[in-house]
Amino acid sequence: MKQRLEYLKETPSQTAGPYVHIGLAPGDAGFQIYNQELGRDIAGPNAKGERIRVEGLVIDGTGSPIKDVLLEVWQANADGIHAHPEQPGEVEEGFRGWGRVITDFETGEWGFDTVKPGSTPGRNGATQAPHINLWIVARGINLGLNTRLYFDDEESANAADPVINTIEWERRRQTLIATRTLRDGTPVYRFDIRIQGEDETVFFDI
């Protein structure tokens, strides 16, 4: 007797919240679970290159800051090398190139300290401009959003970047550019992420 195969229905999706911080960044949410918080130190003390700070808001379609966002950060070191066993080259001891940060529950501001990454190899021999990859989850977002942060003082590298050049409209490309200022001698890059509405940030399918 042949058995009839039955296909299960797809599991329904669910938004990431409201407890995403407790699970992924408990120390920042006020819960001291780990001796060392996972993902807090991106570059480490031995990283070469220019020390920078990156700050911003995640803004909804009404223009209001979202105050319960978690961002994951990936980047190369100052030589353009990722801390990954499949990428040629070595990174400094302690350099992870990965981290997590959550928004301030009162203001919605987020920020992290790191080193400015170098240019990285792209596909087909192309060179990618210095950039930081960001993955964003929050209550109300079913699937994490992937975007990139580029630097406004890397104009020539940005103009040749193969990823930016896939974006047809110049105005849309500008949503990926962080603006540099100085604060007490430290370079600070401002990068506001707009989820919807006018000047919505470019997000990527990866």
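The values are calculated or read from the model by the stated rules, or taken from the named source; none is laboratory data. Keep in mind it's a predicted model, so treat the numbers as computed, not measured. Cβ placement follows ideal geometry from the backbone for every residue including glycine, while neighbour counts extend to all protein chains displayed. Note: areas computed on protein heavy atoms with side chains; ligands, DNA, RNA excluded. Shrake-Rupley method; radii C 1.70, N 1.55, O 1.52, S 1.80 Å.
Would you call Ile206 open to solvent by 70 Å² or more (accessible area, probe 1.4 Å), touching a residue at least 40 places away in the same chain (Cβ under 8 Å), under 26 Å from Arg100 (Cβ atoms) and β-branched (Val, Ile, Thr)? Let's see the steps before the verdict.
Numbers: open to solvent by 70 Å² or more (accessible area, probe 1.4 Å): yes; touching a residue at least 40 places away in the same chain (Cβ under 8 Å): yes; under 26 Å from Arg100 (Cβ atoms): yes; β-branched (Val, Ile, Thr): yes.
Yes; evaluated as a whole, the condition is true for this residue.
If I filter segment 162-191 down to residues being touching a residue at least 40 places away in the same chain (Cβ under 8 Å) and either in a strand (DSSP E or B) or small (Gly, Ala, Ser) (or both), which single residue comes out as surrounded by the most Cβ atoms within 10 Å (Cβ to Cβ)?
Checked segment 162-191; the qualifying residue surrounded by the most Cβ atoms within 10 Å (Cβ to Cβ) is Tyr189.
Considering only residues of segment 42-58 that are closer than 18 Å to Arg148 by Cα and at pLDDT 95 or above, which is most open to solvent (accessible area, probe 1.4 Å)?
If we take residues in segment 42-58 being closer than 18 Å to Arg148 by Cα and at pLDDT 95 or above, then Arg53 is most open to solvent (accessible area, probe 1.4 Å).
Picking from Glu90, Glu50, Glu72, which residue would you name as being without any contact (Cβ under 8 Å) to a residue 12 or more places away in the chain and within 21 Å of Gln128 (Cα to Cα)? So that I can check it myself, show each step before the final result.
Working: Glu50 fails: without any contact (Cβ under 8 Å) to a residue 12 or more places away in the chain; Glu72 fails: without any contact (Cβ under 8 Å) to a residue 12 or more places away in the chain.
After applying the criteria, what remains is Glu90.
Identify, please: which residue in segment 144-161 is among the acidic types (Asp, Glu) and open to solvent by 30 Å² or more (accessible area, probe 1.4 Å) and is, among those, nearest to Val58 (Cα to Cα)? Walk me through it before giving the result.
Filtering segment 144-161 for residues among the acidic types (Asp, Glu) gives 152-155, 161.
Okay, now just the ones that are also open to solvent by 30 Å² or more (accessible area, probe 1.4 Å), so 152-155.
Numbers: Asp152: 19, Asp153: 22, Glu154: 23, Glu155: 24 Å.
Of everything passing the filter in segment 144-161, Asp152 is nearest to Val58 (Cα to Cα).
Which fully enclosed strands (runs of 3 or more DSSP E) of segment 72-143 have 1 or more residues being of a type in the set (Gly, Ala, Ser) and crowded, with 19+ Cβ neighbours inside 10 Å? Before you say what the answer is, go through the steps one by one.
Values: elements: 98-102, 110-115, 131-138.
Counting at least 1 such residues, we get 98-102, 131-138.
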